[in-house]
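Reading through the structure tokens given below for one structure.
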Amino acid sequence: MQQIGYIRESVDATSETVDEVVAVPIFSTETGDVISALVVGFEPFELIGKGAGSGTKSGIWLDGQLHMPSLSNSAQAALGSEIAKAVMNSASAQSNFTVTVNGTPQLLFYKRLNPNSLFPPAYEICVYPLADSMAQLHRLRWRIGGAGALLLLGGFVASHVVAARLAVPVEKLELDSEKNRAQRKRAETALASTSEKLKRSTRYSADASHQLKSPVTVLRAGLEGLLTRDDFKPEIYEELSALLHHTHRLTGVIDDLLLLSRMDAGHLQIDSQPVNLSQIIEEWLDDLGALPIHRR
């Protein structure tokens, strides 16, 4: 099955980052078994994309470790521990809770990026600051307490307005996630199309080689039969010998195509050895010598 995963990569001796990979299996056209895989890596959108609003930070949690370049290593380690507890104690693939980062309250959202994948689970992490929102709510609470019933009604309306404003960054974050999933879907479609083209190319080489082998064999047998006759002029025998020689050359080319198709299908491994370039050049010159000379 096609898989999406996230893999940690060491940047240097003190830091590391995360790569997103998409693995597409390639099946044998003869046996139906998986013979290889096409793997493409990306820099995760969660690490390079812009936040949903002012102060919003995004990253990836993988293997118990948080990767969020906008935070210090100590803050990432502290948040990683809290995320691990929340993920282990919750059966849901996405949720949110309040945390404290650098002494300020933050709202943390997490969501599973690769559900049903054989790769280790990875989560998209977004942290939204609550200091401004909490300050606004605190001022509203004082106004409501001092103004009575009238201000209570006004505070109720204001709280709805503030809640709507707080929902805007979350909605924008969801829209950015949808765009990211659409880009990932297009990449997966392109990978599947490339894999199918490679399979068709391998099948075409094998079929063409099989189709060419029979007529060339018949042609060679006919030329050999003509050479056994003794009622031709000497120059005719020379032409027939040259043609027979080229049919043997053509048979070798067809055998090479069959060999390459078996290699592409993964059924044959070739042990590379040095070749004689002089012999190859002489064969090319022999082929060129057989071509007619066109005069202007």
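A short reminder: the numbers here are calculations on the coordinates, not readings from a lab. Source: prediction; values computed, not measured. Methodologically, a virtual Cβ is constructed for each residue, glycine included, from the backbone with ideal geometry; neighbour enumeration extends over all protein chains shown.
The mean of 1/r over all pairs of different alpha-carbon atoms in the range 66-106, once inverted, gives a Kirkwood hydrodynamic radius of 11.0 Å.
Karplus couplings for the range 154-168 from phi (6.51 cos²θ - 1.76 cosθ + 1.60, θ = phi - 60°), rounded to Hz, Gly and Pro as x? Using θ = phi - 60°, the values come out as x, x, 4, 5, 5, 5, 5, 4, 5, 4, 5, 5, 5, 6, 4 Hz. Here is the tail figure for the range 1-156: Cα pairs spaced more than 21 Å apart come to 57 percent of all pairs. Estimated from the Cβ-Cβ distance and a Förster radius of 51 angstrom, the FRET efficiency linking Arg143 and Gln183 is about 0.65. Model label points for Asp255 and Asn73, set 7 angstrom from Cα along the Cα-to-Cβ axis, are 6.3 nm apart. Going Cα to Cα from Lys197, which lysines come in below 28 Å? Please leave out same-chain ones fewer than 8 positions away. The qualifying lysines are Lys179, Lys185, Lys213. If the segment from Ala190 to Asp12 were pulled out straight at 0.36 nm per residue, it would be longer than the present Cα-Cα gap by 60.8 nm.
Note on the chain: Rg/Rh from Cα positions, Kirkwood definition for Rh, rounded to two decimals, is 1.33.
For the range 116-131, putting each phi into the Karplus relation 6.51 cos²θ - 1.76 cosθ + 1.60 with θ = phi - 60° gives couplings of 6, 9, 7, 6, x, x, 10, 10, 7, 10, 10, 10, 10, x, 10, 4 Hz, in residue order, rounded to whole numbers and with x for Gly and Pro.
Scalar couplings 3J(HN,Hα) for the range 75-80, obtained by applying the Karplus form with A = 6.51, B = -1.76, C = 1.60 to θ = phi - 60°, are 5, 5, 5, 5, 5, x Hz; x denotes Gly and Pro. Cβ-Cβ distance of Gln279 and Arg229, R₀ of 25 Å, FRET efficiency by 1/(1 + (r/R0)^6): the value works out to about 0.15.
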